[in-house]
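The values are calculated or read from the model by the stated rules, or taken from the named source; none is laboratory data. Since the model is a prediction, treat every value here as computed from it, not as a measurement. For neighbour counting, all protein chains shown are included, and Cβ atoms are generated from backbone atoms with ideal geometry for every residue, glycine included. With ligands, DNA and RNA removed, areas are computed over all heavy atoms of the protein, side chains included. Shrake-Rupley method; radii C 1.70, N 1.55, O 1.52, S 1.80 Å.
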Number of protein chains: 2
Amino acid sequence: MKTYRDILKWGNKEEISIDEGTRRVIQDKLGYDDSYFETKHLAGDEEVSLSNSNQIATEIQKKLTDIVGQENISTQADVLVAHAYGKSYPELLKLRKGIVNTPPDMVIYPRTEEEIIQIVEICHQQKIAITPYGGQSSVTGGVETLKGGISLDMTRYFNKVLNVNENNCTATVQAGMFGPAYEAYLNEYGDKYTCGHFPQSFEYSTVGGWVAAKGAGQASTAYGKIEDMVLSLKAITPKGVIETKTYPASAQGWDIHPLFIGSEGSLGIITQITLKIRKYRPQNTKHASFIFKDFKTAVEAMRTTMQAGVGRPHMFRISDPEETDVAFKTKQFDGTLADKFLNMKGYKTEKRCLMFVAVEGDKAYTSQVVSSVKKINKKFGGFSLGSKPTKKWLEQRYSSAYMREPMMDLAVMTDTLETAVMWDDLLNLWEAVRSYLKSKEKTVVMIHISHVYENGANLYFTFLSPMKKGKELEEFKEYHKGLINTIIAHKGSLSHHHGVGKALAPWMEKELGTESLELMRAIKKHLDPHGIMNPGTLGL
Amino acid sequence: MKTYRDILKWGNKEEISIDEGTRRVIQDKLGYDDSYFETKHLAGDEEVSLSNSNQIATEIQKKLTDIVGQENISTQADVLVAHAYGKSYPELLKLRKGIVNTPPDMVIYPRTEEEIIQIVEICHQQKIAITPYGGQSSVTGGVETLKGGISLDMTRYFNKVLNVNENNCTATVQAGMFGPAYEAYLNEYGDKYTCGHFPQSFEYSTVGGWVAAKGAGQASTAYGKIEDMVLSLKAITPKGVIETKTYPASAQGWDIHPLFIGSEGSLGIITQITLKIRKYRPQNTKHASFIFKDFKTAVEAMRTTMQAGVGRPHMFRISDPEETDVAFKTKQFDGTLADKFLNMKGYKTEKRCLMFVAVEGDKAYTSQVVSSVKKINKKFGGFSLGSKPTKKWLEQRYSSAYMREPMMDLAVMTDTLETAVMWDDLLNLWEAVRSYLKSKEKTVVMIHISHVYENGANLYFTFLSPMKKGKELEEFKEYHKGLINTIIAHKGSLSHHHGVGKALAPWMEKELGTESLELMRAIKKHLDPHGIMNPGTLGL
């Protein structure tokens, strides 16, 4: 039998530990002495156990088993618990505390679309909840099975590329395929392609999850968010199967497929998606990095590039002063000769900001874009640090998510939130969120921009703070609530790419307005009249 | 009192006549002798008259008049007739024949959103149809008042820019503002901007119309279709007012504003829109033109550019061999020394194809893109013709629409249709449509690509053919039906940017599938329970 800690793991990945640089930051900023590093807070070493009984009637269980076969159904406690939660901080806390109030009654691994149609039909008739399940990396409670029922795990069978069309530059892929498998397939196919979508969760997220949660990858500034890549899709809803046609564009009423992008399982189960793919030419990619004297100037330089008509970087990031400082500290850069040189030049500790740039494509294009960015940055006092810092960052770009477990072992509350905001409101919002997050003592607040548009950008917030032991959940709930309210009050969107799930659902009416939310509910009502699809998500 | 011919006019524009080159083409290809040019077929010189009586009850008329004032309401026959139709070939024919079966009962020019809310409320209660009306340039029956009722003319008062935000690069504009006024405003504003949206109808279309019909402009290949420019909008529906927030991107469920893009007035009245705007730097624009040995090679070169990661032209066009020939003939280029030179070089009459390229933005970018396109074209045997042909084409880019009146005077059936198609299916579709259109004797068929994507392109069909005098409407209906069926059978979309209106509505179920159309109907039902909004449009 597995322990709760086993379930905290990312797939088969070995747990990682805190490196020396990060330990230094935690000790300095959170005031942790060596004793903190000796024991694990809420280690979750207990064996998984569930007291809930299966709420699905025996004859229905039998029907479902007949559809997919005994081997593709599970009611084992550790499997149910592994499907009860995603990866948000409160979900991880609950696992560590052994709190699993609403596990799914069954986990089903469907083999075919025909089987899903049958399962949905039965659940629709019986009013049994279905929550589609992919890589489990949701940080908004997206896969939490609030009403039990069935967790429909798409990863066992719906994990293939169905078609690559090199002329069209498209791939049709099943929803349960993981990012690395999809990308590896494309990298090797024909003239070699890339999916162009690399969210932080890349290694443990699926194509269907990207679409359902409306994700964004680290190359989104040029390739777009996932909604800019999807050309068509197929979804199985309680009302029937919706399959849209694949066109480069059209004008035949409003499009149907975008309704499923960001639907987070609330309308039906996405089974396959046709996406844009791009030529994979890593040898042409150009990297650059810069340091600016302050955040405002860095943001102005970034905005200028985005609106200048010079093409655009694929990856385009700015770390705010505190994130820059932490990055320097963890890399043990502070106090070096280079650090002294930068300070002397006016790039002062606690003010300066790092910018990372990577451009993909044809050689002539990547050279022109990097050179245009350099020219613009120079005007804003940006100092070039060469290509290395960006390359180094890219090497470890997925790893920070895996730091959450050792952090939580140290009783560090750590979470990330994000928003999108127009340029005009960005600095205000940044300041307001910093000041809110800093209202909690000894909090490290790291903020960056990582998805950039002509008209605005996202802001991504990471915070570390000592847990209030014994009251971890209550403490987070209140802090989180204040943070969201601060974001909304300062014209940030409820989410830029994490999605809404159950965690942000209570804000949907305030955010969208009653008329828009009612329209969303009418759409859901039409496709899912009994409300069985991922109940609670999006506040529908 | 006005004549039907007055109503055929484009605004206050003088009628144009057939130039020498075009006359030559018509004489050669349609076999017209000089006698055809002496009289006008179906001139429409009769005075407008209507026998219909107003179907709206007197007390309701009074209520409506009280809202907007007597001066902002009209029941005058010529005004009603001018609001009964758009600019599709059968609509123009009907006007010439004096057939106006379902004119609006009243034309109303609302002054404020508050007035529109009141009008919609009354019409909702009384089940009176409302058709929003902008520039009247629809070629799919979009503004045809199939059930009479009210034509809501947005151009008199809703014609202002409400806000330009230079930091955000956005403008908020009222729906009834015409293209040229909007563009002129932006060209003069602050650091100087462009709307980047130049449909063929630009001079006689409104921003609201662009959004409602999901249009595309001639710079769409880089700036996108209108759906790629809209950040948020406000719409008044029978169910209430929907106003969406302005973000650069977000992930809070599926977006609401895209439901109104392409809604063609079927859900409500769009009153204002916030759009992306771009820096206006015409001095940096680079033009280029090329000739290719055949259509297939030209298309391959174009596809290669779009997928190469070299940036992209704003305007990117290919004329197929017949369109190229007609262009050369109307410009009296055929038979010149230059023509002989091209033929000698292997760019043969009836095979060769013109390509036009224009790139906007920063100088470094426009130079790099044009040079990359040249390099690619060279590989495909494209021969550079310099910048002049593209510049000349741009000078007269809106004029071909105005040729329809003198053409129809000559008893020439002339219409345009368009579709979007993936690269893989493009040549097949092109051949099938050509062969279908050529099934009619003495037909000139000109086809071009004018909106280009990584994954495919549009095809735009223009045809000229002698009218079957006395049976013009029946003849067109049958020919049009066969054409749409041919497009759909060969994997083209029902429309790329003209929209669906009433003309293409009968194909919507076949095109979208029953499940998707029912979903659209459910959305309409929620917002417009009595079906008063532009009845018949989109087949809803």
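Rounded to the nearest 100 Å², what's the accessible area chains A and B bury against each other, both chains counted, probe 1.4 Å? Intermediate results must be reported in sequence, preceding the final value.
Details: alone 23020 and 23010 Å², together 39480 Å².
Answer for the A-B pair: about 6500 Å² buried.
At each listed q (0.06, 0.08, 0.12 Å⁻¹), what is the log10 of I(q)/I(0) that the Debye formula gives for chain B modelled as equal alpha-carbon point scatterers?
-0.29, -0.53, -1.22
For the stretch B:116-158, just say rounded, prolate or oblate: build the C-alpha gyration tensor, square-root its eigenvalues into a ≥ b ≥ c, call rounded for a/c under 1.5, and beyond that prolate if a/b exceeds b/c, oblate if not. Intermediate results must be reported in sequence, preceding the final value.
Details: a/c = 3.53, a/b = 1.36, b/c = 2.59.
Cα axes put the stretch B:116-158 in the oblate bin.
Pick out, from A:Thr39, A:Ile56, A:Ala364, the residue whose Cα sits farthest towards the positive end of the charge dipole of chain A, with +1 on the Cβ of Lys and Arg and -1 on the Cβ of Asp and Glu.
Farthest towards the positive pole: A:Ala364.
Short version: what are the Cα gyration tensor semi-axes of the stretch B:419-540, square root of 5 times each eigenvalue, largest first, in whole Å? Walk me through the numbers before you get to the answer.
On the way: eigenvalues 160, 83, 25 Å².
After diagonalising the Cα gyration tensor, the semi-axes are 28, 20, 11 Å.
For every helix of n ≥ 4 consecutive DSSP H residues, a contribution of -39,500 (n - 2.57) applies; sum these over the protein assembly as shown, divide by its total residues, and give [θ] at 222 nm rounded to the nearest 500 deg cm²/dmol.
Values: 38 runs with 383 residues, N = 1080.
Theoretical 222 nm ellipticity from helices: -10500 deg cm²/dmol.
Just to confirm a number: summing +1 for Lys and Arg and -1 for Asp and Glu over residues other than A:Pro258 whose beta-carbon lies under 9 angstrom from that of A:Pro258, what do you get? Write out the running numbers ahead of the final one.
Numbers: positive: none; negative: A:Glu227, A:Asp255, B:Asp255.
Result for the local shell: -3.
Mind jotting down a quarter of the surface of the convex hull over the alpha carbons of the protein assembly as shown, in square nanometres, one decimal? Walk me through the numbers on the way to the answer.
Values: hull surface 173.4 nm².
One quarter of the hull surface, i.e. the mean projection, equals 43.4 nm².
Does anyone have the angle between helix B:295-307 and the longest principal axis of chain B? Alpha-carbon axes, 0 to 90°, nearest 10?
That works out to roughly 70 degrees.
Order the peptides B:140-150, B:517-527 from the highest to the lowest mean number of other Cβ atoms within 10 Å of their residues.
Values: B:140-150: 24.6, B:517-527: 19.5.
Answer by packing, highest mean first, reads B:140-150, B:517-527.
How far apart, in nm, are two points set 7 Å out from the Cα along the Cα-to-Cβ line at A:Lys2 and at A:Lys374?
Result: 5.0 nm between the two label points.
Once the piece of chain linking A:Glu114 and A:Ser435 is laid out straight, how much longer is it, given 0.36 nm per residue of separation minus the C-alpha distance between them? Mind dumping the intermediate values first?
Values: separation 321, 0.36 × 321 = 115.56 nm, distance 5.26 nm.
Extending this stretch completely gives an extra 110.3 nm.
To the nearest 20 debye, what is the magnitude of the charge dipole of the stretch A:347-430 about its Cα centre, counting +1 on the Cβ of each Lys and Arg and -1 on the Cβ of each Asp and Glu? Before the final figure, lay out each step's value.
Numbers: 13 positive and 10 negative charges, 160 e Å.
Dipole magnitude for the stretch A:347-430 comes out near 760 debye.
Net charge near B:Leu426: determine it from the other residues with C-beta under 12 Å of the C-beta of B:Leu426, scoring Lys and Arg +1 and Asp and Glu -1. Walk me through the intermediate numbers first.
On the way: positive: B:Lys296, B:Arg303, B:Lys491; negative: B:Glu300, B:Asp320, B:Asp424, B:Asp425, B:Glu431.
So the environment of B:Leu426 carries a net charge of -2.
Treat every Asp and Glu Cβ in the stretch A:236-308 as -1 and every Lys and Arg Cβ as +1, leave all other atoms uncharged, and give the resulting dipole magnitude about the Cα centre to the nearest 20 debye.
On the way: 10 positive and 5 negative charges, 84 e Å.
Dipole about the Cα centre, nearest 20: 400 debye.
Please average, across the residues of A:256-267, the number of beta carbons from any other chain that are within 10 Å of each residue's own beta carbon, and give a whole number.
Per-residue shielding by partner chains comes out at 4.
To the nearest 20 debye, what is the magnitude of the charge dipole of the protein assembly as shown about its Cα centre, counting +1 on the Cβ of each Lys and Arg and -1 on the Cβ of each Asp and Glu?
Numbers: 134 positive and 128 negative charges, 578 e Å.
It works out to roughly 2780 debye.
Which log10 I(q)/I(0) values does the stretch B:75-166 give at q = 0.14, 0.22 Å⁻¹ under the Debye formula, counting every alpha carbon as one identical point scatterer?
Log-scaled intensity ratios, in q order: -0.53, -1.08.
Could the peptides A:257-266, B:169-178, A:347-356 be put in order, highest first, of the mean number of other beta-carbon atoms found within 10 Å of their residues?
Values: A:257-266: 26.9, B:169-178: 24.0, A:347-356: 20.7.
The packing order, highest mean first, is A:257-266, B:169-178, A:347-356.
Can you work out the FRET efficiency for the pair B:Leu337 and B:Asn187, with r the C-beta to C-beta distance and R0 = 41 Å, to the nearest 0.05?
Result of the calculation: an efficiency of 0.55.
Give the Cα extents of the stretch A:150-300 along the principal axes, in whole Å, largest first.
56, 37, 36
Counting C-alpha atoms alone, how compact is the stretch B:332-427: give Rg to one decimal and Dmax as a whole number, in angstrom.
Calculated on Cα positions, Rg and Dmax stand at 17.3, 50 Å.
Would you work out which of B:Ser384, B:Val326, B:Leu394 lies farthest towards the positive end of the dipole of the stretch B:306-420, given +1 charges on the beta-carbon of Lys and Arg and -1 on that of Asp and Glu, about the Cα centre?
B:Ser384
Between B:Leu427 and the same site in the other copies, what are the distances in nm, shortest first, taking label points 7 Å from Cα along the C-beta direction?
5.6
Based on the Kirkwood radius over alpha-carbon pairs, what value in µm²/s does the Stokes-Einstein equation return for the translational diffusion coefficient of the stretch B:224-329 at 20 °C and 1.002 mPa s? Intermediate values should be presented prior to the final figure.
On the way: Rh = 17.8 Å.
For the chosen part, D equals 121 µm²/s.
When N is the residue count of the stretch B:268-398, what does its C-alpha Rg come to as a fraction of 2.2 N^0.38 Å?
Rg over 2.2 N^0.38 Å, computed on Cα atoms: 1.18.
Return the Rg/Rh ratio of the stretch A:193-280 with Cα-based radii and a Kirkwood Rh. Don't jump to the answer; show the numbers that get you there.
Working: Rg = 12.9 Å, Rh = 13.4 Å.
The Rg/Rh ratio comes out at 0.96.
How many Å³ per residue does the convex hull of the Cα positions in the stretch A:34-82 occupy? Walk me through the numbers on the way to the answer.
Details: hull volume 4.6 nm³, N = 49.
Output value, Cα hull per residue: 94 Å³.
Looking only at other chains, what is the average number of their beta-carbon atoms within 10 angstrom of each beta-carbon in B:235-248? Write down the numbers at each step before the final one.
Working: counts 1, 0, 2, 0, 4, 6, 2, 6, 4, 4, 8, 7, 14, 16.
Per residue, the average neighbour count from other chains is 5.
Angle check, please: helix B:113-126 long axis (alpha carbons) against the longest principal axis of chain B (alpha carbons), in degrees 0 to 90, nearest 10.
Long axis of B:113-126 versus the principal axis of chain B: about 70 degrees.
Carbon and sulfur: what percent of chain A's accessible surface (1.4 Å probe)? Could you put the intermediate results ahead of the total?
Details: 9700 of 19750 Å².
Summing carbon and sulfur atoms, their accessible area is 49 percent of the total for chain A.
Relative to the other copies, what are the label-point distances for B:Ser371, with labels 7 Å from Cα along the C-beta vector, expressed in nm at one decimal and sorted shortest first?
With the label placed 7 Å along Cα→Cβ, B:Ser371 yields 0.6 nm.
In nm, what does the list of distances from A:Gly470 to its counterparts in the other copies look like, shortest first, when each label sits 7 Å along Cα to Cβ?
For A:Gly470, the other copies' label points sit at 10.1 nm, shortest first.
Helix A:514-527 against the longest principal axis of chain A: what's the angle in degrees, Cα atoms only, rounded to the nearest 10?
40 degrees
Using every pair of alpha-carbon atoms in the stretch B:377-456, split the distances into 10 Å bins beginning at 0 and state the percent of pairs per bin, rounded to integers.
Calculated over all Cα pairs of the stretch B:377-456, the distribution is 12, 32, 40, 14, 1 percent.
How crowded by other chains is B:418-425, given as the mean number of beta carbons from other chains within 10 Å of each beta carbon?
Details: counts 1, 3, 6, 4, 11, 7, 5, 4.
Averaged over the peptide's residues, the number is 5.
Compute, for A:Ser35, the solvent-accessible surface of its heavy atoms (probe 1.4 Å) with the complete set of protein chains present, and express it in square angstrom to the nearest 10.
Near enough 60 Å² of accessible area.
Collect residues whose amide H, placed 1.01 Å from N in the peptide plane, falls under 5 Å from the amide H of A:Lys214; neighbours closer than 5 in sequence don't count.
Amide H neighbours of A:Lys214, under 5 Å, 5+ apart: A:Gly262.
State in Å² the accessible area per residue of the protein assembly as shown; use a 1.4 Å probe, count heavy atoms of protein chains only, and round to the nearest integer.
Details: 39480 Å² over 1080 residues.
Spelled out: the 1.4 Å probe surface of the protein assembly as shown, per residue, equals 37 Å².
At q = 0.12, 0.16, 0.20 Å⁻¹, what log₁₀ I(q)/I(0) does a Debye calculation on the Cα points of the stretch B:1-133 give, no solvent, two decimals?
Evaluating at q = 0.12, 0.16, 0.20 Å⁻¹ gives log10 I(q)/I(0) of -0.61, -0.89, -1.21.
If you average the sequence gap of Cα pairs under 8 Å that are 6 or more apart and divide by the length of chain A, what percent do you get for the contact order? Intermediate values should be presented prior to the final figure.
Numbers: 1085 pairs, mean separation 91.7, N = 540.
Answer for chain A is 17 percent.
Can you give the local net charge around A:Ala129? Use residues other than it whose beta-carbon is closer than 13 angstrom to its beta-carbon, Lys and Arg +1, Asp and Glu -1. Write out the running numbers ahead of the final one.
Values: positive: A:Lys127, A:Lys147, A:Lys502; negative: A:Asp105, A:Glu144, A:Asp528.
Result for the local shell: 0.
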